Amino acid sequence: MSEKGAVVYADDSVLSASQALAERLAWPLLALPDLSAESPQACFLCYRDGCLKLLDKQTLKKGGLIVEIDPRPGEQHSYPAPKKDLLAQAIGKKTKSLIDATTGWAQDSLALFRMGYEVQCIERSPVMAELIKDGFQRLAQKDWMKNRQLQTPTLMVGNAIELLGGLSEAPDCIYLDPMFPPKRKQTAATRKSMAILRDILGDDLDRADLFAAAWRATGKRVVVKSPDYAEPLGGKPSESYQGKLLRYDVYLK
Ligand SMILES: C[S@@+](CC[C@H](N)C(=O)[O-])C[C@H]1O[C@@H](n2cnc3c(N)ncnc32)[C@H](O)[C@@H]1O
């Protein structure tokens, strides 16, 4: 992945932040006007419109993907939001602390955080980790966070298979949403972020080892989000919550 990307900057106001980002990722730093369709990189990171964006060649000039920090469509804006959707049922109403070991775009982490769970995040892709940190910095600036003196979820960067082995305290729940190979063509615009993630990161082929590490490290339960066509990751689950195209498998200790 490290050869696939570059950091681009549009003007000098974001030059020093862009330089620091390029150094952290060991990616080249390029000026936006110098980029051409022949540039060898497939993806780009760029500070634009007050946030860090992941871009491809189509979205270089406009658009791009960010860690969205606002409630998803249909989600209540109150804090804590009600624990009523399938994800909350799988995580459990009595669960307090949870680790999202596959944070990605942080949409599940943030939905759970808004429901009032104590959320710790793990992400192994340094690029995704930069996007998540940027999202959490924007989250910290929200009035509802400041008024309640809430801290954003914490982020550990590295492979969860190793990091879960070194926890000082077992969380009530470990949540896993690794990348599975797609069965159907993904067309919905909302899935574009996942398609791009798959392009740059590939499938998570070590997901069975991740489940084993989560099972060892959890206090009470492991929850796995799977496409509906995939075999349960940890064998027969204790409970399953079936959605339209996905399933949450719950493994109780
Ligand atoms: C399908 S995405 C998760 C999407 C996320 N649930 C959301 O709501 O945006 C999977 C993510 O998990 C990360 N991941 C997979 N296996 C991991 C591991 N062993 N350790 C840390 N991160 C991992 C991948 O890098 C990827 O960013």
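Table for the structure above
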| item | result |
| --- | --- |
| Average accessible surface area per residue within the stretch 104-169, 1.4 Å rolling probe, Å² | 46 |
| For the stretch 205-213, 3J(HN,Hα) per residue [Karplus equation, 6.51 cos²θ - 1.76 cosθ + 1.60, θ = phi - 60°, Hz, x = Gly/Pro] | 6, 9, 5, 5, 5, 5, 4, 4, 5 |
| Ellipticity estimate at 222 nm from DSSP helix runs (n ≥ 4, -39,500 (n - 2.57)) divided over the chain, nearest 500 | -7500 deg cm²/dmol |
| Within straight-line cross-link reach of Lys84, aspartates and glutamates at Cα separation under 20 Å, skipping those fewer than 8 residues along the same chain | Asp70, Glu75, Asp100, Asp108, Glu118, Asp172, Asp177, Glu239, Asp249 |
| Carbon and sulfur %, accessible surface of the stretch 86-252 computed with the full protein complex present, 1.4 Å | 50 |
| Filter on Lys4/Lys53; Lys94/Lys220; Lys146/Lys220; Lys4/Lys57; Lys96/Lys236 - keep pairs with C-alpha separation over 20 Å | Lys146/Lys220; Lys96/Lys236 |
| Table column - 3J(HN,Hα) (Hz), the stretch 93-101, Karplus curve with 6.51, -1.76, 1.60, x for Gly and Pro | 5, 7, 4, 10, 9, 9, 10, 8, 7 |
| ³J(HN,Hα), Karplus 6.51/-1.76/1.60, whole Hz, each residue of the stretch 4-13, x for Gly, Pro | 7, x, 8, 8, 10, 10, 8, 8, 5, 5 |
| Spherically averaged projected area in nm², based on the convex hull that wraps the Cα atoms of the chain | 14.1 |
| Inverse of mean 1/r across different Cα pairs in the stretch 5-59, Kirkwood, Å | 11.1 |
| Surface per residue (accessible, 1.4 Å probe) for the stretch 1-90, Å² | 55 |
| The chain: antiparallel DSSP beta bridges as a percent of all, rounded to 5 | 45 |
| Unit charges at the beta carbon, dipole of the chain: most positive-side option, Leu150, Tyr251, Gly5 | Tyr251 |
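The values are calculated or read from the model by the stated rules, or taken from the named source; none is laboratory data. Because the structure is a prediction, the values reported are computed rather than measured. Here Cβ is always computed from backbone atoms with ideal geometry, including for glycine, and neighbour counts include all displayed protein chains. The protein model used for the area step is the full one, side chains on, heavy atoms only, and it has no ligands, DNA or RNA in it. Shrake-Rupley method; radii C 1.70, N 1.55, O 1.52, S 1.80 Å.
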